[in-house]
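**Q** Before I ask anything, here is the structure I am working with.
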Amino acid sequence: MNRPATVLVVDDEPRALALLRNVIEPEGHGILTAQDGAAALALATRERPDVILLDVMMPGQDGFEVCRRLRATPELATVPILLLTALDDRESRLRGLEAGADDFLTKPFDAVELRLRLRTILRLNRYRRLYEESSRYEAAIRHSAEGIVLAELDGTIVLRNAAFERLVEPAHRQLPNFFDYFDSADAVRLHPHRGPSAVLRATELPLRYGYAAPTTVEITADLVPWERRTVAQFHLRDLTEKKSLESQLLRSQRIELLGQLSGSVVHDMNNILAAIGGSAGLIELDPTHANTPRHLTNIRTAVQRGAAMLRQLLLFARGSDGPLEHLHPGEIAGEVAALVRESFGGSYVVTFQTEPDLPAIAGDVTQIHQVLMNLCVNARDAMPDGGDLEIRVHRRVVPPAATAALGPDARAGDYVVLTVRDQGSGIPAHVQARLFDPFFTTKPKGKGTGLGLATVLRLMRRHGGFVALETEVGRGTAFHCHFPPAAVSA
């Protein structure tokens, strides 16, 4: 239903104003009145009417001059103007057109004709506004730096902009179906659900036919009305360069962690080598070799312990980030717990617990290792004199009412939670607000880069999860990393 229009009536005769009001108001329009040109200009500039009925014969500024001034005002340049005049000669009409009038009505006018003229002018003006709005929308899509695609619900492309075409290689720019630009498993995630709440949150996916190998995009989608039907509107933001830089940053951050662990690892490896050397020396000093089997067992155990530690370090230090695969979170957390137990030293009591029959998660092994190692190193630093460090894996259902207390990324649902808890000093409230900011650190200069928790947050978002903080000053801190269970294949 069209909204009521606002009509500005300009006439110096009060009776003429009253007559026009009586003719126009039954149409449901709002009426503004002015009795001279200056008042009309001021009122029109302030109220922006939908149409102006302007008498020609007025004292001071006549209707032609007022019309010219209205047209010279940018915000009023397109408002329809209907001149009301007792002059019916050709010269007056040409003069009115030159001044910018859209139509004429000769006094005395017919009330029915005036109403019909107003309806026509307002209808044409609505069409003009719709056309201008459509043109602005199309220009915004065409010149947007983001790739934009409008597609039917089955993926058939209705409109694509130049930025989207730059994202894909030339040979595949004109594929008719949007979902064909993605692997089948990823395309399933993009299919819009029918209904008013079919919104796709920001999702990172690789393009099947990207301009670079690989091309990664962040996609958001919503349903929009389009020519009497509903279509899906997809926005694609190029993350290729950002992902490359993030990969370099993550490798650097892993090296930083390895540097922090190196002192403990070297100390522990020295103990392992001392055990091997000591057992070998005892074998040489035992002429009967009666205790040789026991010494060999000690050597074998030490070698296995050292090899396991180095294997974990090499796994953690590898330079490339892999795809998201179905993983068992308990196994990953157990590996990290073993590495932490070996490398942190005897003053730290590392406990590990996992619930049975946990669902798999979709994750990157290296990145989950990195998340847990960052949190464990922070826990160690919070307890410089040693203490209890707990790593726990459990399942949790987050109800909608609890999401606000768990942080801005929290969403309701079922999760597998990896928890790292310490008995350190806790985190004050003024520090919590900046805890995940890049390069923010409370450690002394040279003791940390401030990238650890920022990296944790970024990696958790990549896995579709979130981090919840639990802390109390003087009592300790726990970070709860929530991973959504992997989708079960049909």
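No value in this document is a laboratory result; all are computed from the given coordinates. Nothing here was measured: the structure is a model prediction, and the numbers come from that model. Neighbour counts run over all protein chains shown; Cβ positions are idealised from the backbone, glycine included.
**Q** In nm, to one decimal, how far is the residue 388 label point from the residue 186 one, both placed 7 Å along Cα→Cβ?
**A** Taking the simple label geometry, residue 388 and residue 186 are separated by 4.6 nm.
**Q** Would you mind computing, in nm to one decimal, how far apart the modelled labels at residue 461 and residue 303 are, each placed 7 Å from Cα along Cα→Cβ?
**A** Computed distance between label sites residue 461 and residue 303 equals 4.8 nm.
**Q** Let me ask something else. Mind listing the phi-derived Karplus ³J(HN,Hα) values for the stretch 218-230, rounded to whole Hz, using 6.51, -1.76 and 1.60 with θ = phi - 60°, and x for any glycine or proline?
**A** Along the stretch 218-230, the couplings run 9, 10, 10, 8, 8, 8, 9, x, 7, 6, 6, 8, 10 Hz.
**Q** Follow-up question, since we're still on this one. Need the full-extension length gain, residue 86 to residue 338, defined as separation in residues times 0.36 nm minus the C-alpha distance. One decimal, nm.
**A** Values: separation 252, 0.36 × 252 = 90.72 nm, distance 9.84 nm.
Full extension of this stretch gives 80.9 nm more.
**Q** Explain nothing, just compute: Karplus ³J(HN,Hα) = 6.51 cos²θ - 1.76 cosθ + 1.60, θ = phi - 60°, for every residue of the stretch 376-384 in order, whole Hz, x for Gly and Pro.
**A** 5, 5, 4, 5, 4, 5, 6, 10, x
**Q** Search the structure for amide H atoms under 5 Å from the amide H of residue 413, placed 1.01 Å from N in the peptide plane, and list their residues when 5 or more places away or on another chain.
**A** Amide H neighbours of residue 413, under 5 Å, 5+ apart: 398.
**Q** Less than 13 Å Cβ to Cβ from residue 136, Lys/Arg counted +1 and Asp/Glu -1: what total charge do the surrounding residues give?
**A** Details: positive: 128, 129, 142; negative: 132, 133, 138.
Value of the local net charge: 0.
**Q** To continue, here is another question. For the stretch 121-130, what does the Karplus curve 6.51 cos²θ - 1.76 cosθ + 1.60, with θ = phi - 60°, yield as ³J(HN,Hα) per residue in whole Hz, taken in order and with x for Gly and Pro?
**A** Once θ is set to phi - 60°, the couplings for the stretch 121-130 become 4, 5, 5, 5, 5, 4, 4, 4, 5, 4 Hz.
**Q** How charged is the neighbourhood of residue 11? Take every other residue with its Cβ under 11 Å from the Cβ of residue 11, and add Lys/Arg as +1 and Asp/Glu as -1. Let's see the in-between values first.
**A** On the way: positive: 15, 21, 107; negative: 12, 13, 36, 55.
Here the charged neighbours net out to -1.
**Q** Using amide H atoms built 1.01 Å from N in the peptide plane, name the residues 5+ places from residue 226, or on other chains, whose amide H lies under 5 Å from its own.
**A** Amide H neighbours of residue 226, under 5 Å, 5+ apart: 231.
**Q** Considering all alpha-carbon pairs of the stretch 87-163, what whole percent are spaced by more than 18 angstrom?
**A** 66
**Q** Sort 364, 388 so that the residue with the fewest other Cβ atoms within 10 Å of its own Cβ comes first and the one with the most comes last. It would help to have the intermediate numbers written out before the result.
**A** Working: 364 19, 388 14.
With the fewest neighbours first, 364, 388 line up as 388, 364.
**Q** Would you mind checking which residues have amide H under 5 Å from residue 159's amide H? H placed 1.01 Å from N; only 5 or more apart, or other chain.
**A** 150
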